[in-house]
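A short write-up of the structure that comes next.
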Amino acid sequence: MSGQSRRDHRTGLLNGFAAYGMWGIVPLFWPLLKPAGAAEILAHRMAWSLVLVGAALLVLRRWSWAGELLRQPRRLGLVTVAAAVITVNWGVYIWAVNAGQVLEASLGYFINPLVTIALGVLLLKERLRPAQWAAVGVGFAAVLVLTIGYGRPPWISLCLAFSFATYGLVKKKVGLGGIESLAAETAIQFLPAMGYLLWLSRQGESTFGSEGPGHAALLAATGVVTALPLICFGAAAIRVPLSTLGLLQYLAPVFQFLLGVLYFGEAMPPERWAGFALVWLALSLLTWDALRTARRAARALRSGISGAVTSGAVSEARDAASAAAASAIVGEPVPDPVPGTAPDPVSGAAPDPVSGAALDPVSGPADVKPRTAP
């Protein structure tokens, strides 16, 4: 690796840590916005995110995609679905944090990779490796244990996980870049958000103008809280392997979990520890399987390139093996390799990164489609 490559890799890692670190500590931010309720915070987040992203697009002069999108009704419909689903995700997350349910919210992002896999099997007919089936089974057992522990299904976790996984599934079909995608979604969210904020103001229930300039500034900062991790993630996505981003994704729910236990002092009775332990076991199985698949893909790359030199298919072999390595972490099915250049790995789906499973990168390869984080 050259000096420039090492610097790029180091820069990418720092941006990745920054992105997932910000997503991990965001539970500290939402309580600062009280006495605003979750719905008002959500509306401000949608409105101010569009303002910030729109300003970025003006600076970058990237508008050509908008006309193309408006001429494609099916694609525009998918963006609308994505906007609706992420609205649910954001709203439930903000409400959960401000209602003292940080642990259950963090659980949602722990089990999200398992839900992503389940949707891949049910909707996309993807094939799983045995370790992935085992992880899904252990995750299902964890939900049962937590249901017993809570005395009810962990609906906050399930809502966050399913909405996030659905959002990622829709985003894969849309194929917009990170900043463009966020701009399109927040443009759709903007009118309902502004309508709700105007209605609150007329009812005398808006906190934006009644709690002082500091509170108003914090509400406006929701746009920064949404966009800044996205920008850092975009910088990371084009500099480090997707498999590395896939492992970094666990930082966010880990930080949220630690905040819930150590800072917010939420209770963790034995049955909840048991449920979380099962979820962590499932994620350990996924990670082990992903690393094993990455090693196999690396070997396939080496043997594939040596075989492709004689056939002039070096780039195809490299692309096939690299895709196989990334797929186990980031939720892409493993493609068949170039015939005759590499072993045929079994297809499978695994978690997208929080996102930015949560967020598309601001720029980078077209096949990088992480999702928007909390």
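The values are calculated or read from the model by the stated rules, or taken from the named source; none is laboratory data. Please read all numbers here as calculations on a predicted model, not as lab measurements. Ideal geometry is used to build each Cβ from the backbone, glycine not excepted, and the neighbour counts take in all protein chains shown. Each accessible area value is taken on the protein alone, full model and side chains, heavy atoms only, with ligands, DNA and RNA left out. Shrake-Rupley method; radii C 1.70, N 1.55, O 1.52, S 1.80 Å.
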Among the residues of the stretch 231-281, write down those that are assigned to a helix (DSSP H, G or I), over 30 Å from L176 (Cβ atoms) and open to solvent by 60 Å² or more (accessible area, probe 1.4 Å). L258, L262, Y263, P270, E271, W273, W280, L281
Checking R61 against (1) more than 26 Å from A236 (Cα to Cα); (2) open to solvent by 60 Å² or more (accessible area, probe 1.4 Å); (3) of a type in the set (D, E, K, R), only one condition comes out false. Which one? (1)
Out of the helices (runs of 4 or more DSSP H) lying entirely within the stretch 130-212, which hold 2 or more residues that are within 20 Å of L283 (Cα to Cα)? 130-150, 155-174
Taking the options S163, S157, S210, name whichever one is out of contact with any Pro (no Cβ under 6 Å at 6 or more places or on another chain), among the hydroxyl-bearing types (S, T, Y), farther than 26 Å from L58 by Cα and surrounded by fewer than 20 Cβ atoms within 10 Å (Cβ to Cβ). S210
For the structure I just gave you, tell me whether V225 is in a helix (DSSP H, G or I) and β-branched (V, I, T). yes
If S5 meets every condition in (1) under 16 Å from C232 (Cβ atoms); (2) polar (S, T, N, Q); (3) open to solvent by 40 Å² or more (accessible area, probe 1.4 Å) apart from one, which number is that one? (1)
Among the candidates A43, A47, A39, residue that is closer than 20 Å to A216 by Cα and open to solvent by 40 Å² or more (accessible area, probe 1.4 Å): A39
Can you confirm whether the stretch 183-206 contains a residue that is modelled with pLDDT under 90 and more than 20 Å from V79 (Cβ to Cβ)? no
Do any helices (runs of 4 or more DSSP H) entirely within the stretch 1-119 hold 3 or more residues that are aromatic (F, W, Y), and if so, which? 3-25, 73-98
Kindly list the number of the only condition in (1) within 14 Å of the chain's Cα centre (by Cα); (2) open to solvent by less than 10 Å² (accessible area, probe 1.4 Å) that fails for E185. (1)
Residue pairs within 9 Å by beta carbon, gap of at least six or interchain, first lying in the stretch 169-183 and over 14 Å from V85 (Cβ atoms), second open to solvent by 10 Å² or more (accessible area, probe 1.4 Å) and of a type in the set (S, T, Y), listed first then second, are G177/S363; G178/S363; I179/S363
Which pairs have Cβ atoms under 6 Å, sit 6 or more apart or on different chains, and link a residue in the stretch 140-164 that is of a type in the set (G, A, S) to one that is open to solvent by 40 Å² or more (accessible area, probe 1.4 Å)? A141/L278; A142/L278; G149/E271; G149/R272; S163/V88
